[in-house]
Amino acid sequence: MVNNKLLRMDNVGIVVESLDDVISFFTELGLKLEGRFMVAGEWAGRVTGLGDQRVEIAMMVTPDGHSRLELSRFLSPSVVADHRNAPVNALGYLRVMFAVKDLDEMLSRLSKHGAQLVGDVVQYEESYRLCYVRGPEGILIGLAEELNTK
């Protein structure tokens, strides 16, 4: 067995234009706003390689407390690329998958925040109902409802 030093995955980062809209969307999904703060200065830019930067960050946490989304709004330097509307077969990080209890009810709730199905809701064998959804700013998420087969 390999001596693994990995402890956990802390978060997935998403760069957005409107923290308020995206926080509202993920709150409706069931995540909780854990904190909102500004990160600025040369020290932060040494981590990202962007130099002097100012970034407003909102940290969202799942109900079980194990997973987080770090939502970032760059004030400086300005955003230089936009991958939000990339198709699902584009290279790079693309989406986060969430397990939900009632997929149809969740889709109804998220549609009030502008969410739209990418394709169809499909059933995988007797195990899951799955779909991809585009939320505010074209953010792509996956939703999976585990089916009770017993």
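The values are calculated or read from the model by the stated rules, or taken from the named source; none is laboratory data. Just so we're clear, the structure is a prediction, and the values are computed from it rather than from any experiment. Every residue, glycine as well, gets a Cβ built from its backbone with ideal geometry; the counts of neighbours run over all protein chains shown. With ligands, DNA and RNA removed, areas are computed over all heavy atoms of the protein, side chains included. Shrake-Rupley method; radii C 1.70, N 1.55, O 1.52, S 1.80 Å.
Structure data summary
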read-out	value
Peptides ranked, highest mean first, by Cβ atoms within 10 Å: ranges 28-40, 51-63	51-63, 28-40
Relative contact order of the chain, pairs being alpha-carbon contacts under 8 Å that are 6 or more residues apart, as %	20
Intensity falloff of segment 69-138 expressed as log10 I(q)/I(0), Debye formula with alpha-carbon point scatterers, at q = 0.15 Å⁻¹	-0.64
Segment 28-127: proportion of alpha-carbon pairs further apart than 21 angstrom, %	54
Segment 44-119 - charge dipole about Cα centre, Lys and Arg +1 at Cβ, Asp and Glu -1, debye rounded to 20	140
Check: the chain dipole with +1 on Lys, Arg Cβ and -1 on Asp, Glu Cβ, in debye	320
The chain: angle of helix 19-29 to the longest principal axis, Cα-based, in degrees nearest 10	30
Net lengthening on full extension, LYS112/TRP43 (0.36 nm per residue, minus Cα-Cα)	20.9 nm
Net +/- balance of residues flanking ILE57 in space, Cβ distance below 9 Å, scoring K and R +1, D and E -1	0
Positive-end residue of PRO77, TRP43, GLY119, charge dipole of segment 2-146 with Cβ unit charges	TRP43
Area accessible to solvent at VAL96, 1.4 Å probe radius, in Å²	30
Estimated [θ] at 222 nm from DSSP helical runs (n ≥ 4, -39500 (n - 2.57)) normalised by residues in the chain, nearest 500	-5000 deg cm²/dmol
Simple spin-label estimate for ARG84 and ASP102 in nanometres, 7 Å along Cα-Cβ	3.0
Modelled FRET efficiency - R0 41 Å, GLU125 with GLU56, Cβ distances, 0.05 increments	0.45
DSSP beta bridges in the chain [antiparallel fraction, %, rounded to 5]	75
